[in-house]
Amino acid sequence: MDHPFKHFVVLMMENQSFDRLLGFVEGIGKLDGSEYVESATGEKVYASRGGHPIQDHLYDPPHATEATLNQLWGVNGYTGKPADGSGWIKSIWPEGNPEAEKSFMKCFDDVDMQLPAMITLAKNFVVCDRNFSSMPGPTAPNRLFLHAASSMGYTRGIWRPENGLDISPKEQTIFEALDDTDPSLKWNLYNIYPEMNTSMAFPYVREHADRIRSFEQFKDDCSSDNLPAYSVINPNLWENSQHAGGDGTTLVAGDSYIADVYEAIRSNQEVWEKTLFFITYDEAGGYWDSVINTDEMPIAEGIHQHKDWDNENSPENSTTEFDFKYLGVRIPGLIISAWLDHQMDSTVYEHSSVPATVKALFNTEARGPDGYLTVRDQAANDLLKNLKLRDTARTDLLTLPRSSYMQDVLNIRKSKDT
């Protein structure tokens, strides 16, 4: 398709399911409160609106590969057949825990507007309601899929290179494909904190440290019309990533960060009119979702040689056998541009859709099949596939609403500092 986009910006947040954030938002989610999962004691635990973005965000559900397989396939684990979602809270609380289970099924909505920036963007731009993590597992393999349309068989929980995650130089990333195709396109990684530096597991990225910039530089690059063709933005894991666990991160700070990224792009009308902005999440973080994808994915030869990833020094992060035949849990996805009005897009997307979109936008030629990185981005739907573009660019939504819970977050941080 013909398009006006010169820049593609991707913001990948942490550990939320689609239903948890958007399931009760009118016109976007499809939850009505009749949905439930069965507990280990046989009780029905219903999805409900009105979640608290701080108090209902303190528990960090298990979300390693083995835990996610048990949630999707039941307590006996992966079967090689499509998931049925039979194990959600049974696997998390095998003895039952009514209060925790009830909090776990709390979702957010557009009545209390606990996440005002995210919900406002969802009501004004494109919502992808069949966007899935690339595999049923944690941060590292899913972020590897974002960059390389493969995790190279990795299923474990180590997400930092300095802790043992090191990818072979022979594995190509979308960054290398961009440089090989046309060095003038350029790419940058913004806001790479030590806690969220999975992209640094690729030797090619480490060799191009000049492409790693701060979030302040992102804002400056937007203001000065100096964005590269492709930008990946990271949150700070324990501050604004929306990862659960009560270690300083909250849904509130993450919602504000989403607004900051949007407003940086929106601050320059010229940049705004030539930028495609995609907000997604690495995985669902153990949270329930009502939609399960049962499509089979193409599998590259040798992609699940897990023995190569075993590390006797980290038995708690031992490899979980998985053949990458199915996608993981559904996650939020928003496509934002001056040329887009609100619409629902039910095309199936996964993290490999991002490198597929880079290829569609910039005609990259990677070393894989048909110029793609792997069979996964070759098969993935790109984000341009079903976009309906406006005839004229939008000039509204200069700023987004901010959460009324932000003072509570500041108070929590102040108490931690003292």
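The values are calculated or read from the model by the stated rules, or taken from the named source; none is laboratory data. Note that this is a predicted model, so its numbers are computed, not measured. Neighbour counts are summed over all protein chains in view; Cβ atoms, including those assigned to glycine, are modelled from backbone coordinates with ideal geometry.
At a glance:
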read-out: Selected residue (criterion: modelled with the lowest pLDDT) from residues of the range 206-245 that are charged (D, E, K, R) and surrounded by 17 or more Cβ atoms within 10 Å (Cβ to Cβ); value: Glu239
read-out: Residue match in the range 194-205 (condition: within 19 Å of the chain's Cα centre (by Cα), crowded, with 21+ Cβ neighbours inside 10 Å, of a type in the set (Ser, Thr, Tyr) and part of a helix (DSSP H, G or I)); value: yes
read-out: Number of positions in the range 15-36 that are assigned to a loop (DSSP other than H, G, I, E, B), closer than 25 Å to Asn97 by Cα and touching a residue at least 12 places away in the same chain (Cβ under 8 Å); value: 8
read-out: Considering residues of the range 150-175 that are among the hydrophobic types (A, V, I, L, M, F, W, C) and modelled with pLDDT of 95 or more only, the residue surrounded by the fewest Cβ atoms within 10 Å (Cβ to Cβ); value: Phe175
read-out: Candidate set: the range 72-84, residues that are more than 19 Å from the chain's Cα centre (by Cα) and surrounded by 22 or more Cβ atoms within 10 Å (Cβ to Cβ); chosen: the one farthest from Ile158 (Cα to Cα); value: Ala83
read-out: Selected residue (criterion: farthest from the chain's Cα centre (by Cα)) from residues of the range 339-357 that are surrounded by 24 or more Cβ atoms within 10 Å (Cβ to Cβ) and in a loop (DSSP other than H, G, I, E, B); value: Ser352
read-out: Qualifying residue in the range 276-284 (condition: under 21 Å from Leu340 (Cα atoms), in contact with a His (Cβ under 7 Å, 6 or more places away or on another chain), modelled with pLDDT of 95 or more and of a type in the set (Ser, Thr, Tyr)); value: no
read-out: Identity of the residue in the range 34-43, among the small types (Gly, Ala, Ser) and surrounded by fewer than 16 Cβ atoms within 10 Å (Cβ to Cβ), that ends up modelled with the lowest pLDDT; value: Gly42
read-out: Of all residues in the range 44-65 being touching a Phe, Trp or Tyr at 6+ places or on another chain (Cβ under 9 Å) and of a type in the set (D, E, K, R), the one that is modelled with the lowest pLDDT; value: Asp56
read-out: Members of the range 37-50 that are more than 25 Å from His342 (Cα to Cα) and either without any contact (Cβ under 8 Å) to a residue 40 or more places away in the chain or assigned to a loop (DSSP other than H, G, I, E, B) (or both); value: Ser39, Ala40, Thr41, Gly42, Glu43, Lys44, Ala47
read-out: Restricting the range 381-409 to residues that are surrounded by 15 or more Cβ atoms within 10 Å (Cβ to Cβ) and among the hydroxyl-bearing types (Ser, Thr, Tyr), the residue that is modelled with the lowest pLDDT; value: Tyr405
read-out: Verdict on Phe18 being among the aromatic types (Phe, Trp, Tyr) and out of contact with any Phe, Trp or Tyr (no Cβ under 6 Å at 6 or more places or on another chain); value: yes
read-out: Matching residues in the range 260-272 - criterion: being among the aliphatic types (A, V, I, L, M) and either surrounded by fewer than 21 Cβ atoms within 10 Å (Cβ to Cβ) or touching a Cys at 6+ places or on another chain (Cβ under 9 Å) (or both); value: Ala264, Ile265, Val271
read-out: Unmet criterion (only one of (1) farther than 30 Å from Leu389 by Cα; (2) at pLDDT 90 or above; (3) buried (at least 22 other Cβ atoms within 10 Å of the Cβ)) for Leu11; value: (1)
read-out: Residue list for the range 85-129, filter: surrounded by fewer than 23 Cβ atoms within 10 Å (Cβ to Cβ), assigned to a loop (DSSP other than H, G, I, E, B) and over 22 Å from the mean Cα position of the chain (by Cα); value: Ser86, Trp93, Pro94, Glu95, Gly96, Asn97, Val111, Asp112
read-out: Close pairs (6 angstrom Cβ cut-off, 6 or more residues apart or separate chains): closer than 14 Å to Asp255 by Cα in the range 109-122, modelled with pLDDT under 95 and among the small types (Gly, Ala, Ser) anywhere; value: Pro116/Ser403
read-out: Qualifying residue in the range 316-326 (condition: modelled with pLDDT of 95 or more and either within 20 Å of the chain's Cα centre (by Cα) or farther than 20 Å from Phe145 by Cβ (or both)); value: yes
read-out: Tally of residues being touching a helix residue (DSSP H, G or I) at 6+ places or on another chain (Cβ under 6 Å) and aliphatic (A, V, I, L, M) across the range 144-188; value: 7
read-out: Given (1) in contact with a helix residue (DSSP H, G or I) (Cβ under 9 Å, 6 or more places away or on another chain); (2) touching a residue at least 60 places away in the same chain (Cβ under 8 Å), index of the condition Asp382 fails; value: (2)
read-out: Options Gly153, Gly164: the member that is out of contact with any Phe, Trp or Tyr (no Cβ under 7 Å at 6 or more places or on another chain), in contact (Cβ under 8 Å) with a residue 12 or more places away in the chain and either at positive phi or not hydrophobic (A, V, I, L, M, F, W, C) (or both); value: Gly164
read-out: Test set (1) over 21 Å from Pro141 (Cα atoms); (2) at pLDDT below 95; (3) not polar (S, T, N, Q) - Arg20 fails condition number; value: (2)
